[in-house]
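Read through the structure below, which is laid out as structure tokens, and then see the notes.
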Amino acid sequence: MKTVYHKADTRGHANHGWLNSYHTFSFAGYQNQDRMNFGVLRVLNDDTVTQGMGFGTHPHRDMEIISIPLEGDLEHKDSMGTTAVIRKGEIQVMSAGTGVMHSEYNKNKDQAVKFLQIWVFPREVGVEPRYDQKSIKEGEKINGFQQILSPNKNDDGVWIHQDAWFSLANFTKGNGKNYMLNKKGNGVYAFVLRGSAKVGDRILNERDGLGIWDTQSFNIEAVEDAEILLMEVPMELPAYLK
């Protein structure tokens, strides 16, 4: 088993006033050659958008973009004609493919929005752009793994153009479980949303991250009540990036 540990306070940070963002991997003004990606996981931003503010219309292409609200809600508009609001308890995916324009705004006047913005390199470029969002409240599991994303259209959660599986792990203090990887050659990036847990041989606290690869499984045990996002992704980059 190989691992890479990213302590919460070592992340890149940019406070633009309306946006307070922490970057696990290189992004915008934060550039770190040792933190370009974890396999095909390219961006993991921990964002807070203040009341009445947001991201103006901007382009994306050839990227799988996932948003997971942690507090509040965010309005999404795009060039595919989509207007939607994503809230805590939901997950959003946008396959940018051949190109899409979109904006995201916090229209609330009394509450900031906290959400994770995640980018994953797709298997191939030039796919047709698409948008989807789903509630993940109903499938919530205590002391188990709840799948919220996969490569398969008929699985639980949303799907993307990549051999990736995302799961939420909610464990009460002292409880744990072994995570079995879905595909050989994949790795898992574990990101603690709240609490603390032992992941493999490492104790992780809130917003710490740990990448794990070259293994078929690893154990998670809650040191205190904990919620962890597990992002299983291929470790080998697609041919178009080589």
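Here are the numbers:
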read-out: Mean Cα-pair separation over length for the chain, i.e. relative contact order, pairs under 8 Å, 6 or more apart, %; value: 19 percent
read-out: ³J(HN,Hα), Karplus 6.51/-1.76/1.60, whole Hz, each residue of the stretch 42-57, x for Gly, Pro; value: 9, 9, 9, 10, 9, 10, 10, 10, 6, 4, x, 10, x, 8, x, 4
read-out: Residues whose placed amide H lies under 5 Å from that of Ile148, excluding near-sequence neighbours; value: Phe166, Ser167, Leu168
read-out: Calculated P(r) of the stretch 12-135 - Cα pairs past 20 Å, %; value: 43 percent
read-out: Probe 1.4 Å, protein heavy atoms only - accessible area per residue of the stretch 144-236 in square angstrom; value: 39 Å²
read-out: Test item: Cα-centred dipole of the stretch 12-135, Lys/Arg +1 and Asp/Glu -1 on Cβ, debye; value: 60 debye
read-out: Lys/Arg +1, Asp/Glu -1 at C-beta; the chain dipole; positive extreme among Pro122, Thr215, Gly54; value: Thr215
read-out: In Å, descending, principal axis extents of the Cα set of the stretch 12-66; value: 35, 24, 16
read-out: Cα pair distances of the stretch 107-202 binned at 10 Å [whole percent]; value: 12, 39, 34, 13, 2
read-out: Average accessible surface area per residue within the stretch 12-135, 1.4 Å rolling probe, Å²; value: 43 Å²
read-out: Integer Hz, Karplus 6.51/-1.76/1.60 couplings in order for the stretch 65-81, x for Gly and Pro; value: 10, 10, 10, 10, x, 9, 8, x, 9, 9, 8, 10, 9, 9, 6, 8, x
read-out: Violating pairs (Cα-Cα greater than 30 angstrom) within the set Lys198/Lys242; Lys134/Lys177; Lys77/Lys177; Lys88/Lys242; value: Lys198/Lys242; Lys77/Lys177; Lys88/Lys242
read-out: Rounded Å value of the spacing that divides the Cα centres of the stretch 90-129 and the stretch 9-31; value: 17 Å
read-out: Nearby aspartates and glutamates by direct alpha-carbon distance to Lys114 (threshold 18 angstrom, same-chain neighbours under 8 apart not counted); value: Asp9, Asp46, Asp47, Glu71, Asp73, Glu75, Glu90, Glu104, Glu206, Asp208, Glu227
read-out: Rounded percent of accessible protein surface that carbon and sulfur make up, the chain, 1.4 Å probe; value: 45 percent
read-out: Whole-Hz ³J(HN,Hα) from phi, Karplus 6.51 cos²θ - 1.76 cosθ + 1.60, for the stretch 142-159, glycine and proline x; value: 9, 6, x, 10, 10, 6, 10, 7, 7, x, 10, 4, 9, 7, 5, x, 8, 10
read-out: Kirkwood Rh (inverse of mean 1/r, distinct Cα pairs), the chain, angstrom; value: 18.1 Å
read-out: Extension gain, Asn108 back to Ile142 (0.36 nm per residue minus Cα-Cα distance, nm); value: 9.2 nm
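The values are calculated or read from the model by the stated rules, or taken from the named source; none is laboratory data. Quantities reported herein were computed from a predicted structural model and do not represent experimental measurements. Ideal geometry is used to build each Cβ from the backbone, glycine not excepted, and the neighbour counts take in all protein chains shown. Side chains are part of the model used for accessible areas, which takes the heavy atoms of the whole protein and leaves out ligands, DNA and RNA. Shrake-Rupley method; radii C 1.70, N 1.55, O 1.52, S 1.80 Å.
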